[in-house]
Amino acid sequence: MSARPRTPLAPIPKTAVGDWFRHPIFGYVLLVLLAFVVYGLFLAALFSKTVTASLPAALLVILWWSRGRLEWCKDVVPLLPWFGFSIAFAVLSSWVERTLIGAQGAAFALSAVERFLLAGRVIWFYFGKLLWPANLIFIYPHWMIDADELWQSLPLITALIVLGLGVWWTRRSRAPLAVMLLFGGSLFPVLGFVNVYPFKFSYVADHFQYLASLSIFAGVAALLAKAAVKAPRWVAASGVLALGVTLGTLTWQQTKIYKDVFVLYQSVLDKNPTCWMAHTNLAVALSDAGRPAEALVEIQESLRLRP
C-alpha cells in the first residue's frame with residue numbers, strides 16, 4: 001500500500017484586508033475613532049455631573065506629578081478642547097442654578113472676603129470628615145459667615161500655610177502638593193465662589209466631596225503601602241483587616257438612618273435641631289402618613305425657626 005505524496009503548504013497570501021491593516025492610514029483612523037470615544041465619554045460625564053469639569057485640570061496635575069514638568073504642545077494643547085467644554089458646562093450649570101433653581105437672593109449674599117473665608121472652612125471640614133468620619137449628618141447646620149470675627153479667618157490662613165508647605169516640599173516629593181491641588185480643585189464648585197442651591201440649607205454636604213475624596217484616599221493609600229513594605233507581613237495584613245472592619249462597621253451604622261423618611265429626618269434633628277428643612281420635610285411625611293397632629297408640631301417649629 002503506497003502513501004500519497006504530500007505537497008508542501010503554500011504560503012498564506014496577503015489579502016486586501018491585511019494590507020489595509022498594515023497601511024499607515026489605519027493608525028490615523030484608529031486614533032480618530034479613539035478620540036471620538038474619549039471625547040464622547042467626557043461629554044457624557046459632563047452631562048451626567050458637571051463637577052467632572054475639573055478632569056482636564058486634574059490630568060495636568062497628574063502629568064506634572066509623574067514627570068515634574070508640563071509641555072505646552074504635548075500636554076496642554078490636546079486638553080484645550082476639554083477645557084473649552086468644561087468652561088461651557090460650568091457657565092451653563094451656574095446659570096441654571098441661579099436662574100432656574102433659585103440660587104440667588106439674601107441667602108447667597110456673601111461678600112468676596114466672606115466667600116474666601118467660607119472656602120477655607122469648607123476645605124478643612126471635608127478633609128476632617130474623610131480622616132475621621134464621625135457625627136455625619138444628612139443636613140449639616142448652616143454656618144454664619146462673618147468677616148468681622150477673626151477666628152473665621154484661621155481655616156483659610158492654615159490652608160494657605162499648608163499649601164505653601166506643599167510647594168516647598170516639592171524639592172523632595174511632588175505627591176503632597178499634587179494631592180492638595182486635586183482635592184481643592186475637585187472641591188472648587190462647592191467652595192462658595194459660585195452659588196449652588198443647597199447652600200440655602202447648608203454650605204456642606206457629604207456627597208459634595210465624593211469626587212474630591214479620591215485624591216485623599218490615593219495619598220493615604222500610598223503612605224500606608226509605603227509603611228507596609230517596612231513592616232512585617234502579619235502587621236500589614238492585620239492593619240488592612242482592622243481598617244476594613246472599622247470602615248465597614250461605620251458604613252453599616254450609617255446606613256441605619258436611611259431606613260425610612262421618619263428615621264432619616266429624626267436623625268438630622270437629633271444632631272441639628274435648628275434645621276427647619278428637616279422639620280418641614282418630616283411634617284410632610286407625617287401628614288402623608290395620616291398623623292396630622294404630629295405634623296402640625298413639626299411645621300410650627302419650622303415656621304418658628306424660619307418665619
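Could you work out the pair-distance distribution P(r) of region 255-307 from its alpha-carbon pairs, with 5 angstrom bin width and percents rounded to whole numbers?
5, 25, 30, 25, 12, 3, 0
Using θ = phi - 60° and the Karplus relation 6.51 cos²θ - 1.76 cosθ + 1.60, list the HN-Hα couplings for region 201-211 in order, rounded to whole Hz, with x at every Gly or Pro.
Rounded to whole hertz, the list is 9, 7, 7, 9, 7, 4, 6, 5, 10, 4, 6.
Hey, how much of the P(r) for the chain falls beyond 23 Å, as a percent of Cα pairs?
Numbers: 33404 of 46971 pairs.
Tail of the P(r) past 23 Å holds 71 percent of the pairs.
Can you give me the relative contact order of the chain as a percent, contacts being Cα pairs under 8 Å and 6 or more apart? Mind showing how you got there, number by number?
Numbers: 240 pairs, mean separation 49.2, N = 307.
RCO, the chain: 16 percent.
In region 202-307, which trypsin sites (Lys or Arg not before Pro) are in a loop and have at most 16 other Cβ atoms within 10 Å, using DSSP for the loop call?
On the way: sites: Lys226, Lys230, Arg233, Lys256, Lys259, Lys271, Arg304; in loops: Lys259.
Listed in order of number, the matching sites are Lys259.
By the scheme Lys and Arg +1, Asp and Glu -1, what is the net charge of all other residues having a beta-carbon under 14 Å from that of Ala218?
Numbers: positive: Arg174, Lys226; negative: none.
Charge balance in the 14 Å sphere: +2.
List, largest first, the extents of the alpha carbons of region 17-101 along their principal axes, each in whole Å.
Each principal axis gives a Cα extent; for region 17-101 these are 57, 34, 16 Å.
Need one word for region 193-259: rounded, prolate or oblate. Basis is the Cα gyration tensor (sqrt eigenvalues a ≥ b ≥ c); a/c below 1.5 gives rounded, then a/b vs b/c decides.
On the way: a/c = 5.86, a/b = 1.79, b/c = 3.26.
Cα axes put region 193-259 in the oblate bin.
How many Å³ per residue does the convex hull of the Cα positions in region 167-307 occupy?
Working: hull volume 20.0 nm³, N = 141.
Here the figure is 142 Å³ per residue.
Where a number appears in this text, it was derived from the coordinates with a stated rule and is not lab data. Just so we're clear, the structure is a prediction, and the values are computed from it rather than from any experiment. Cβ coordinates were reconstructed from backbone atoms using ideal geometry, including for glycine residues, and neighbour counts include every protein chain displayed.
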